[in-house]
Amino acid sequence: MADKAPLVSLLMTAYNREKYIGDAIESALNSTYRNFELLICDDCSTDATVSIARSFEEKDSRIRVYVNEVNLKQFQNRNKAASLAKGEYIYFADSDDTLLPDGLERLVATMNSFPGSSFGMNYRQSDKVFELSSKEAIHNHFFKKPFLTIGPGGTIMRRDFFLSIGGYPTKYEAVSDMYFNLKACCQSPIVLIPFEFMNYRVHEGQELNNPYSYLYNGYLYLTDALKELPLMLTEKELDWINRKCKRRFLVNCTRYFLRTRDFEKTRELVKRTGFGPRDVFLAIFN
């Protein structure tokens, strides 16, 4: 890489990842892109995660390990890691995934080719890199095929941009990144990146194994986004999406009850979302 290659902050948040974090760190160190810092923010792990991370920190000055005093949870910890970063770009190198050797190098080269964009995302519906305007991205997501659902490990951003729009929200638990992706797209063109740059691991300790949380938070983040974000959609389009969201939630709640026969947890879904009779009406008469 050129001497003036921008500094990249690899942000690795961790909680009880002793089985995976060593491989994750090794993959960063094996990267063909050398101008990076690796910030590891541990969220009060009770296993050997911290000691493993410290063993790498002792050997490489690019690595810094931080241990939280209290458990912050996923997205607040990601925001903390970003606040400590110094790089031009930030990339969330998750502690249970691994970077491909040339992944970071290709990501930086791609983003440098689109200086007008501050936000890049993995996109598997094309075989070429391209950029979409905010309006095009939002419209395509809602009216063609949803694609703004990629987690932090599938994105790269300019650090100043991430901080300027307030980082990740924290109230939507595992789907906070979906609200963030919409918010980021409202503020910047998006670079869509077709190539793979990391290996994503699936295991029992992931948030995706909590479908109940996805049920109510998936409804909450989208209804809030429709009210709060400058989505560049017409009132008619917003109303259509809102009704579709309500119908999907009603169907999912019904399926959940029929599958589990758990009336109390189904009622809790309704309570958490404030889904009332008017919402049922809008859902049915869509």
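General observations
- Here the range 162-197 is the region considered, the condition is being closer than 14 Å to Phe92 by Cβ and out of contact with any helix residue (DSSP H, G or I) (no Cβ under 7 Å at 6 or more places or on another chain), and the residue that is surrounded by the fewest Cβ atoms within 10 Å (Cβ to Cβ) is Ala184.
- Qualifying positions in the range 9-49 - among the aliphatic types (A, V, I, L, M), surrounded by fewer than 21 Cβ atoms within 10 Å (Cβ to Cβ) and either touching a Leu at 6+ places or on another chain (Cβ under 6 Å) or closer than 21 Å to Ala85 by Cβ (or both): Leu29
- Leu132 meets the conditions (1) at pLDDT 95 or above; (2) in contact with a helix residue (DSSP H, G or I) (Cβ under 6 Å, 6 or more places away or on another chain); (3) not small (Gly, Ala, Ser) in every case but one. The failed one is (2).
- For the range 230-244, residues that are under 16 Å from Asn181 (Cβ atoms) and assigned to a helix (DSSP H, G or I) total 1.
- Near pairs, Cβ below 8 angstrom, 6+ apart or cross-chain, from the range 200-218 (modelled with pLDDT under 65) to any residue that is surrounded by 11 or more Cβ atoms within 10 Å (Cβ to Cβ) and assigned to a helix (DSSP H, G or I): Glu207/Gln74; Glu207/Glu173; Glu207/Ala174; Glu207/Ser213; Leu208/Ala174; Leu208/Tyr214
- If you check Lys59, Lys86, Lys80, Lys19 for being touching a strand residue (DSSP E or B) at 6+ places or on another chain (Cβ under 8 Å), over 25 Å from Tyr172 (Cβ atoms) and either part of a strand (DSSP E or B) or assigned by TED's automatic domain parsing to the domain that holds Arg158 (or both), only one passes: Lys86.
- Set Lys265, Lys227, Lys271: member being surrounded by 12 or more Cβ atoms within 10 Å (Cβ to Cβ), assigned to a helix (DSSP H, G or I) and among the basic types (Lys, Arg): Lys265
- Matching option when the condition is of a type in the set (Gly, Ala, Ser) and without any contact (Cβ under 8 Å) to a residue 24 or more places away in the chain, among Ala109, Ala53: Ala109
- Subset tally (residues that are within 14 Å of Tyr216 (Cβ to Cβ) and basic (Lys, Arg)) for the range 244-254: 2
- Single residue of Tyr212, Tyr216, Tyr200 found to be surrounded by 13 or more Cβ atoms within 10 Å (Cβ to Cβ) and within 17 Å of the chain's Cα centre (by Cα): Tyr200
- Screening the range 33-55 for residues that are in a helix (DSSP H, G or I) and hydroxyl-bearing (Ser, Thr, Tyr) and picking the one that is farthest from Phe197 (Cα to Cα) gives Ser51.
The values are calculated or read from the model by the stated rules, or taken from the named source; none is laboratory data. Model, not experiment: these values are computed from the prediction. Glycine gets a Cβ as well: all are built from the backbone with ideal geometry, and neighbour counts include every protein chain shown.
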